[in-house]
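Enquirer: I'd like to ask some things about the structure below.
The values are calculated or read from the model by the stated rules, or taken from the named source; none is laboratory data. Computed from a predicted structure; not experimentally measured. Quick reminder, even Gly has a Cβ in these numbers, built from the backbone with ideal geometry, and neighbours come from all protein chains shown.
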Amino acid sequence: MPRLRASCLAPRRKKGPPLPRLPPGARARAKLTYERLKEAYPAVTELAHKDPFQLLIATIMSAQTTDRAVNLVTPELFRRYPTAADLAAADPAVVETLIKPTGFFRAKTRSIIAASRKLVELFDGTVPNNIDDLVKLPGIGRKTANVILGVGFEVPGFAVDTHVKRLTNLLRLTSSKDPVKIERQVCSIVPEEEWTGLSLRLILHGRRICIARRPKCEECILNEFCPSSRTRPKPTRRRI
């Protein structure tokens, strides 16, 4: 079976403007970051799922809510609608009632039903394993597509959510605020086999330690080289 192509290496459309210059020391900090995080966190998503279809639907529903909230509603949702064809034919009112605890339930209901219908229409109900096809589905952008590819198909990809955007800037691994440029810059300085794991671990680290409003710098395993750390590094080591 041919090896699935990594999402950052997918054929590009028209060549865009060159990326901004990387911050000084970004490559060395990136290496330290993925090595340290690998020791502390598993490369997993906290969204419960059994297959790529469940992961796709759960990821769409995770917008503006917690994974825990999604995990509370998906068992019953997937019990009633186990396939894309089932969900595509669902009564929106019933789905809205099932997923209401996740918030924005009307918009999410429209998105997951529309995505299921497009899956049936374009791919015979099977989740595609490449980014170009995934982003054709309603509610699926590059971030969601990279999560599905990395977790569901083990295709290397670097998903940039709000945590990843924030932490890559705090660590100065990127010089951009744009998710696509962040993805390209980080993928250029991190080995392909580390893309998925680094993204998933940055998300976990952002939720547990590097919290936006109250970062626990004193507990952070990256504080000695993080340019944004509020904790003075040990005198025997210096920041990069």
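Enquirer: Say we look at segment 148-199 and pick out the residues that are among the polar types (S, T, N, Q) and in contact with a Phe, Trp or Tyr (Cβ under 9 Å, 6 or more places away or on another chain); which of these is surrounded by the most Cβ atoms within 10 Å (Cβ to Cβ)?
Expert: Out of the qualifying residues, it is S199.
Each row is one residue, and each column tells you yes or no for (1) loosely packed, with under 15 Cβ neighbours inside 10 Å; (2) at pLDDT below 95; (3) under 13 Å from A88 (Cβ atoms); (4) not basic (K, R).
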| position | (1), (2), (3), (4) |
| --- | --- |
| K108 | no, no, no, no |
| S111 | no, no, yes, yes |
| A114 | no, no, yes, yes |
| L119 | no, no, yes, yes |
| D124 | yes, no, yes, yes |
| V127 | no, no, no, yes |
| G139 | no, yes, no, yes |
| R142 | no, yes, no, no |
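Enquirer: Right, here's the next one. Report, by residue number, each residue of segment 31-64 that is surrounded by 14 or more Cβ atoms within 10 Å (Cβ to Cβ), closer than 30 Å to S111 by Cβ and of a type outside the set (A, V, I, L, M).
Expert: Listed by number, the residues that qualify are Y41, T45, E46, H49, P52, F53, Q54, T59, S62.
Enquirer: Another question, if that's okay. Among the listed residues L134, L119, which satisfies the condition of being touching a Gly at 6+ places or on another chain (Cβ under 6 Å) and not charged (D, E, K, R)?
Expert: L119
Enquirer: In segment 161-202, what residues are among the aliphatic types (A, V, I, L, M) and either touching a residue at least 60 places away in the same chain (Cβ under 8 Å) or not in a helix (DSSP H, G or I) (or both)?
Expert: Taking segment 161-202 first, the residues among the aliphatic types (A, V, I, L, M) are 164, 167, 170-171, 173, 180, 182, 186, 189-190, 198, 200, 202.
If the condition is that a residue be among the aliphatic types (A, V, I, L, M) and either touching a residue at least 60 places away in the same chain (Cβ under 8 Å) or not in a helix (DSSP H, G or I) (or both), then L171, L173, V186, I189, V190, L198, L200, L202 are the ones that fit.
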